[in-house]
Structure formats: structure tokens, C-alpha cells
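J.: So that we are looking at the same thing, I have put the structure below in C-alpha cells.
The values are calculated or read from the model by the stated rules, or taken from the named source; none is laboratory data. This structure is a prediction, so every number in the text was calculated from the model and none was measured. So basically every Cβ, Gly included, is an ideal-geometry build from the backbone, and we count neighbours across all protein chains shown. Side chains are part of the model used for accessible areas, which takes the heavy atoms of the whole protein and leaves out ligands, DNA and RNA. Shrake-Rupley method; radii C 1.70, N 1.55, O 1.52, S 1.80 Å.
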Amino acid sequence: MWPYIWIAWTAVFAVAEGIALANKRDGDTLSENTRRLFRTCTSKAGRAVFAVGWFGFSGWFAIHILTETM
């Protein structure tokens, strides 16, 4: 069951992002919303929080997948 849920979640995201890219309106893609959420254009603290979170998650996820640990 779970593989189908993850596939559906990925498909919904792909469709939403595709629509956002196709309509070319400002502020509706994941990247634009992430920049706004973390205020990466105006806040050094926001940039730092995003960077630490991104690299922390990426590092954890890589180790998690490659070593098959929880």
C-alpha cells in the first residue's frame, strides 16, 4: 500500500509544480515559496537556517539510504 501512496504523492507534486511552471506566474513554484518562507533574498539568518536544514537533511538521508539505517 505505501509504495502507491508515495507514487501518488510524487505525482500530485509533479502535476502541481508542472502547472506552476507552465502558468509562469510569480510565487507559485516550490522554489519561490521556499525562498519566501525562509526569506533567503533578504535575511542572512533565513539563508543560514535553510542551508543548515537542507544539508542536514541531505546528509542524513544519504546515510539513511546507503547504510539502510533508521
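J.: Hey, what's the chain come to in accessible area per residue, 1.4 Å probe, Å²?
T.: On the way: 6240 Å² over 70 residues.
About 89 Å² of surface per residue is accessible.
J.: Carbon-plus-sulfur fraction of the accessible area of the chain, 1.4 Å probe, in percent? Can you show the working numbers first?
T.: Values: 4500 of 6240 Å².
Answer for the chain: carbon and sulfur cover 72 percent of the accessible area.
J.: Okay, next question. Of the labelled options [x] 11.8, 36; [y] 16.1, 55; [z] 15.6, 43, which one gives Rg and Dmax of the Cα atoms in Å as computed for this structure?
T.: The value matching this structure is [z].
J.: Related question: Go through 30-41, 2-13, 49-60 and give me the packing order, highest mean Cβ count within 10 Å leading. Could you put the intermediate results ahead of the total?
T.: On the way: 30-41: 13.3, 2-13: 9.2, 49-60: 11.6.
Sorting 30-41, 2-13, 49-60 by mean packing, highest first, produces 30-41, 49-60, 2-13.
J.: In addition: Let me check against my output: what whole-number percent is the relative contact order of the chain, with C-alpha pairs under 8 Å and at least 6 apart? Could the numbers behind the result be given before it?
T.: Working: 20 pairs, mean separation 8.2, N = 70.
Answer for the chain is 12 percent.
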